[in-house]
Amino acid sequence: MRDGWKLVWLAAVAIALIAVFMTIDGSGNWDYVLPRRAKKIAGMLLTGCAISMSTVIFQTLTNNRILTPSFIGFDFLFVLLQTTIVFVFGAASLATMDANLKFLLAVAAMALFAGLLYRLLFRRRDQALFFLLLVGIICGTFFSSLSQFMQKLLDPNEFAVLQDRMFASFNQMNGEVLLMAALISAMAIMAFARDFKYLDVLALGRDHAINLGVPHERITKRFLILIAVLVAASTALVGPITFLGLLVSNVAYKLMRSFRHAVVIPAAALVSVVALVSGQLIVERVFTFSTTLSVILNFVGGVYFLYLLLKENKT
């Protein structure tokens, strides 16, 4: 019952922030203001739910609270893809390319990368997840280095166009792309919904899960596919937000003080919506678009990440 009331309060805070975001400084131009802001809110809801769910599940599989799917290299791959398009075809191609095509290209590239990593994972049984993380970190470093190399060779004007794509933004989302991302995410969640009942047992560790009758290897593979789809869809939609998942998942665990995923995942999703909406309000009303939402969230999340590292070191 206590967990239920906490979720109610989180939902109330999220709804209040959404109401403020939708109505602040409307100036009576509601026919123009409301549809544009509603599209941003829809993007925040989709991104927040996808990132929070994928992060909580990933932390359960790895049994580690300071790891997120971003460590596998999805964010760096997205930046590399955008950089390659500008480097090979020019900045004009990035601006004029069909939004649906760009979205599908980004999702396909990240899904293919995840598939190749998982093939390496499926061949190993001992410490397979940690082997996946190691390979992912190495690939992420390679993608980042290659992106920086190509960026240094770009014309300054082309780099300025590319720079807008390197940070998450909810201001230029296409309605068709948003609908496509929502459909992909919803289909993935429904396809793997029957496996959610195993999450609480998986949190006990591989050996305990197997002893309790859970087909650990098969369920892990299925959840890794779900994580890849959710992260690919959210990143391709708005861009990389590296530390959002780390921040909201740990805040959700602190608030709920529970290990039940039926409670933690909704709490993380609500915390994510609160963080995104309040951050967007700060970007628009305090900084007047002089910075981006991902910069604020990555700064806060990065500081929190260092705090978690120091805390674990003391422990």
Quick check, is Asp207 assigned to a helix (DSSP H, G or I) and either within 30 Å of Leu94 (Cβ to Cβ) or in contact (Cβ under 8 Å) with a residue 12 or more places away in the chain (or both)? no
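So, in segment 137-190, exactly how many residues are of a type in the set (Asp, Glu), farther than 19 Å from Ala38 by Cβ and exposed (fewer than 15 other Cβ atoms within 10 Å of the Cβ)?
Within segment 137-190, the first condition is being of a type in the set (Asp, Glu), and the residues that meet it are 155, 158, 164, 176.
Retained after the next criterion (residues that are farther than 19 Å from Ala38 by Cβ): 155, 158, 164.
Filter again for exposed (fewer than 15 other Cβ atoms within 10 Å of the Cβ), leaving 155.
Within segment 137-190, residues that are of a type in the set (Asp, Glu), farther than 19 Å from Ala38 by Cβ and exposed (fewer than 15 other Cβ atoms within 10 Å of the Cβ) number 1.
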What number of residues in segment 266-297 are surrounded by 14 or more Cβ atoms within 10 Å (Cβ to Cβ) and either touching a Pro at 6+ places or on another chain (Cβ under 9 Å) or without any contact (Cβ under 8 Å) to a residue 12 or more places away in the chain (or both)? 3
Any residue that is closer than 29 Å to Arg257 by Cβ and not aliphatic (A, V, I, L, M) - is there at least one of those in segment 73-90? no
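Counting just the residues of segment 160-174 that are part of a helix (DSSP H, G or I) and in contact with a helix residue (DSSP H, G or I) (Cβ under 6 Å, 6 or more places away or on another chain), which one comes out modelled with the lowest pLDDT? Before the answer, list the steps.
Going through segment 160-174, the residues part of a helix (DSSP H, G or I) turn out to be 160-165.
This time we only want the ones that are in contact with a helix residue (DSSP H, G or I) (Cβ under 6 Å, 6 or more places away or on another chain), so: 161-162, 165.
Working: Val161: 79, Leu162: 82, Arg165: 75.
Among them, the one singled out is Arg165.
It is to be established whether one or more residues within segment 231-238 are closer than 27 Å to Asp98 by Cβ, in contact with a Ser or Thr (Cβ under 7 Å, 6 or more places away or on another chain) and not aliphatic (A, V, I, L, M).
Of the residues in segment 231-238, the ones closer than 27 Å to Asp98 by Cβ are 231-238.
Retained after the next criterion (residues that are in contact with a Ser or Thr (Cβ under 7 Å, 6 or more places away or on another chain)): 231, 233-234, 237-238.
Those left that are additionally not aliphatic (A, V, I, L, M): 234.
Yes, because at least one residue in segment 231-238 is closer than 27 Å to Asp98 by Cβ, in contact with a Ser or Thr (Cβ under 7 Å, 6 or more places away or on another chain) and not aliphatic (A, V, I, L, M).
Any residue that is of a type in the set (S, T, N, Q) and at pLDDT below 85 - is there at least one of those in segment 264-283? Even if it seems obvious, please write down each step before you answer.
Step one: filter segment 264-283 for residues of a type in the set (S, T, N, Q), giving 272, 278, 280.
Add one more test, that the residue is at pLDDT below 85, and what stays is none.
Checking segment 264-283: not a single residue is of a type in the set (S, T, N, Q) and at pLDDT below 85.
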Step by step: first the residues of segment 77-93, then only those that are small (Gly, Ala, Ser) and either touching a residue at least 60 places away in the same chain (Cβ under 8 Å) or in contact with a Phe, Trp or Tyr (Cβ under 9 Å, 6 or more places away or on another chain) (or both), then the one that is surrounded by the fewest Cβ atoms within 10 Å (Cβ to Cβ). Which residue is that? Gly90
For Pro215, which of the numbered conditions (1) surrounded by 21 or more Cβ atoms within 10 Å (Cβ to Cβ); (2) free of Cβ contacts under 8 Å to residues at least 24 places away in the same chain fails to hold? (1)
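Please verify whether segment 18-37 includes one or more residues that are within 24 Å of Lys254 (Cα to Cα), of a type in the set (D, E, K, R), touching a residue at least 12 places away in the same chain (Cβ under 8 Å) and out of contact with any Lys or Arg (no Cβ under 7 Å at 6 or more places or on another chain). Can you show your working first?
Step one: list which residues in segment 18-37 are within 24 Å of Lys254 (Cα to Cα), which gives 18.
Remaining after also requiring of a type in the set (D, E, K, R): none.
So far as segment 18-37 goes, no, none of its residues is within 24 Å of Lys254 (Cα to Cα), of a type in the set (D, E, K, R), touching a residue at least 12 places away in the same chain (Cβ under 8 Å) and out of contact with any Lys or Arg (no Cβ under 7 Å at 6 or more places or on another chain).
Yes/no per residue for (1) crowded, with 20+ Cβ neighbours inside 10 Å; (2) within 18 Å of the chain's Cα centre (by Cα):
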| site | (1), (2) |
| --- | --- |
| Arg2 | no, no |
| Asp31 | no, no |
| Lys40 | yes, yes |
| Phe58 | yes, yes |
| Thr62 | no, yes |
| Arg65 | no, yes |
| Asp75 | yes, yes |
| Ala95 | no, no |
Can you tell me which residue among Val214, Val229, Val177, Val201 is outside any helix (DSSP H, G or I) and modelled with pLDDT of 85 or more? Val214
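The values are calculated or read from the model by the stated rules, or taken from the named source; none is laboratory data. Quantities reported herein were computed from a predicted structural model and do not represent experimental measurements. For neighbour counting, all protein chains shown are included, and Cβ atoms are generated from backbone atoms with ideal geometry for every residue, glycine included.
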